[in-house]
Amino acid sequence: MLKQLSRETPTKVTTLDDLATLADYSLVDTLNCDPEGNANGADHAPRQVFSGHYVPVKPTPIENPEYVTHSQDLFHELGFADSMARSNDFMRVFSADLSHVPEPMRKVGWACGYALSIFGTEYTQQCPFQTGNGYGDGRAISVLEAVINGQRWEMQLKGGGRTPYCRGADGRAVLRSSVREFLAQEHMHALGVPTSRSLSLYVSKTEKARRPWYSEGSRSTNPDVLVLEPVAISTRVAPSFIRVGQLELFSRRARKREQPRAMEELEKIVLHLIDREYGDVIDQTLATAEKAVQIAREFRSRLTSLVANWIRVGYCQGNFNSDNCAAGGFTLDYGPFGFCDVFDPQYQPWTGGGHHFSFLNQPVAAERNFQMFCSALKPLLAEDLDYLQQLDEIQQDFPKVMRAQLEKMWASKLGLATFDVTLLSELKSLMANTPVDYTIFFRELSSVPDDIGPLKNSFYRRSTYVADPENMDRLWSQWLTKWKSLTEPHSREELSRQMKLVNPKYSLREWLVVPAYQQAAAGDYSLLRELQEVMTQPYAEQSKDVEEKYYRLKPMELFGVGGSSHYSCSS
């Protein structure tokens, strides 16, 4: 059982010593350590990990770290002084040097193993040992848990060096991918989508890593050059980083009886997840079996709501494997993600993702992950047929719950009191055939225009797309008239106000991020920080200059360009 979280006086943290007083390492203090791990964390070569919930790992500091940016919003929520982000001791810790941390902070972090399922199918061959015992946090190392203002937060370095799960890689993240993840997490939070958060971003002034990437203007599907890029460390923050894949790993071991403590380790990780993520909604006095049924129901609610929100804001996860699915029901692992420009039901930014992880197939991908989540719980219910039946019913009802969440979302996005399937179906067809910019279209619609003129601001004007533009205009006008008839009796002003609360004006489009990380690689962080400022106010009417720069269609010459329209990895 975790220590009780106080919700009393807010904390003001101005120094690393202040932060140290809030440290509380629940995972490493209550769960099982890998019995073959080293207490000093000297464990950086690929190897099989057969048991235990975590491996002690000492992160590898980046050379000559330099401040890039931090999340002012998260700092303020945590009660951190902004000045801390540039302080030497804070920068040292969150660029992976734990050697001088004040007590009771610890000089060793931890990495966790997990299993892999892709669209509901178990895999082991991605593990270098072909067993599944070498798959896990290859370059993500948690370094702190702290209870701050009544909330537990885990702080994890992305790019903190090699772990036993690194599969032969270098354990580093480059600045390009670190900028993408840092900006995306804070943008998603500002959009109102549950997500891990960004704390800080530091780059090495001297250390570089070689990565496959795209040459300038390349339209290749896969990277066509090797580039030398600055390494960086971003710190991401969440109540926990427990993934569906972690539960799967221990459930597989229990199911196959791979080691004597397998069932115990499965139960412990499930109960720890409940403590960390669901303690406010699940009664701690219940038996494990009943808790397992309740967490399935609660996770279903969160996961369906999450995916509906993804679609609301035009986000595609790209690679929604079970190991990229947070068991707390929030967005995790911003790898090959993307935000839609042109509306396309099969939009997929990752060249290796296929249609099963495409934009409007994300509800089905979520269902597959939920199936794996429920399967992972079943060994804990083997002795109780009643609870097993309840779990099966919860799993079987996922499509119905998902559909209800989507209908609620679409109704809200369209400003309707009740969902209208015909109206939406007609709209999707018009958006795909015109085609339209997803974000700009819904924002223009949110102004409740008199005619289709303003909506045309979202139309991509490629003559090859529209054989009969006059007929398309007529169809659009008919749709707009029908839509307006369904929004009555709301006043135009109230309808517009409500719709603008759910339809953002600004979206973190990849072609906007590319120049920001390119300039950052040259030591100029001004564009990155400007983009951060704009994208943390996505619903706001910002300045005319901001609108002209960021509220516009994707330039035609950038379509199909590797790194702007698609990518095979994120590095």
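Residue 447 passes every criterion in (1) surrounded by 16 or more Cβ atoms within 10 Å (Cβ to Cβ); (2) within 21 Å of residue 412 (Cβ to Cβ) apart from (1).
Using the structure shown, decide if residue 402 is touching a Ser or Thr at 6+ places or on another chain (Cβ under 8 Å), under 18 Å from residue 308 (Cβ atoms) and in a helix (DSSP H, G or I). When the stated conditions are applied, residue 402 passes them. Applying a threshold of 9 Å to beta carbon distances and a minimum spacing of six or more residues, or different chains, the list of pairs starting in the range 105-132 at a residue that is free of Cβ contacts under 8 Å to residues at least 60 places away in the same chain and aromatic (Phe, Trp, Tyr) and ending at one that is assigned to a strand (DSSP E or B) and crowded, with 19+ Cβ neighbours inside 10 Å reads 123/116; 123/117.
Residue check: is residue 525 in contact (Cβ under 8 Å) with a residue 12 or more places away in the chain and touching a strand residue (DSSP E or B) at 6+ places or on another chain (Cβ under 7 Å)?
Numbers: in contact (Cβ under 8 Å) with a residue 12 or more places away in the chain: yes; touching a strand residue (DSSP E or B) at 6+ places or on another chain (Cβ under 7 Å): yes.
Against the criterion (in contact (Cβ under 8 Å) with a residue 12 or more places away in the chain and touching a strand residue (DSSP E or B) at 6+ places or on another chain (Cβ under 7 Å)), residue 525 qualifies.
Just for the range 157-210: of the residues that are closer than 16 Å to residue 67 by Cβ, assigned to a strand (DSSP E or B) and of a type outside the set (A, V, I, L, M, F, W, C), which one is nearest to the chain's Cα centre (by Cα)? The selected residue is 198.
For the range 267-294: of the residues being among the β-branched types (Val, Ile, Thr) and in contact with a Phe, Trp or Tyr (Cβ under 7 Å, 6 or more places away or on another chain), which is farthest from residue 112 (Cα to Cα)? Selected residue: 293. Scanning the range 221-237 for residues that are out of contact with any Lys or Arg (no Cβ under 7 Å at 6 or more places or on another chain) and surrounded by 17 or more Cβ atoms within 10 Å (Cβ to Cβ) yields a total of 3. Selection over the range 90-128 of residues that are among the acidic types (Asp, Glu), in a loop (DSSP other than H, G, I, E, B) and farther than 30 Å from residue 21 by Cβ gives a count of 0.
Of the residues making up the range 78-89, those that are part of a helix (DSSP H, G or I) and either in contact (Cβ under 8 Å) with a residue 12 or more places away in the chain or not assigned by TED's automatic domain parsing to the domain that holds residue 195 (or both) are 78, 82, 83, 84, 85, 86, 89.
Take residues that are within 24 Å of residue 212 (Cβ to Cβ) and either acidic (Asp, Glu) or outside the structural domain of residue 420 (by TED's automatic domain parsing) (or both) and tell me which of the helices (runs of 4 or more DSSP H) falling wholly in the range 452-568 contain 2 or more.
Where helices (runs of 4 or more DSSP H) fall fully within the range 452-568 and carry at least 2 residues being within 24 Å of residue 212 (Cβ to Cβ) and either acidic (Asp, Glu) or outside the structural domain of residue 420 (by TED's automatic domain parsing) (or both), they are 510-521.
Confirm whether residue 249 is under 23 Å from the mean Cα position of the chain (by Cα), aliphatic (A, V, I, L, M) and over 29 Å from residue 170 (Cβ atoms). Considered against the rule, which asks whether it is under 23 Å from the mean Cα position of the chain (by Cα), aliphatic (A, V, I, L, M) and over 29 Å from residue 170 (Cβ atoms), residue 249 comes out as no. The number of residues in the range 108-123 being crowded, with 16+ Cβ neighbours inside 10 Å, of a type outside the set (Gly, Ala, Ser) and either under 24 Å from residue 48 (Cα atoms) or touching an Asp or Glu at 6+ places or on another chain (Cβ under 9 Å) (or both) comes to 6. Candidates in the range 53-77 are the residues that are within 24 Å of the chain's Cα centre (by Cα) and among the polar types (S, T, N, Q); of these, the one that is surrounded by the fewest Cβ atoms within 10 Å (Cβ to Cβ) is 72. Of the residues making up the range 392-412, at least one is touching a Pro at 6+ places or on another chain (Cβ under 6 Å), assigned by TED's automatic domain parsing to the domain that holds residue 270 and touching a residue at least 40 places away in the same chain (Cβ under 8 Å). Among the residues of the range 138-152, not a single one is among the polar types (S, T, N, Q), more than 21 Å from residue 11 (Cα to Cα) and surrounded by fewer than 24 Cβ atoms within 10 Å (Cβ to Cβ).
The values are calculated or read from the model by the stated rules, or taken from the named source; none is laboratory data. Remember, it's a predicted structure, so these values are computed and weren't measured experimentally. Backbone-built Cβ (ideal geometry, glycine too); neighbour counts: all protein chains shown.
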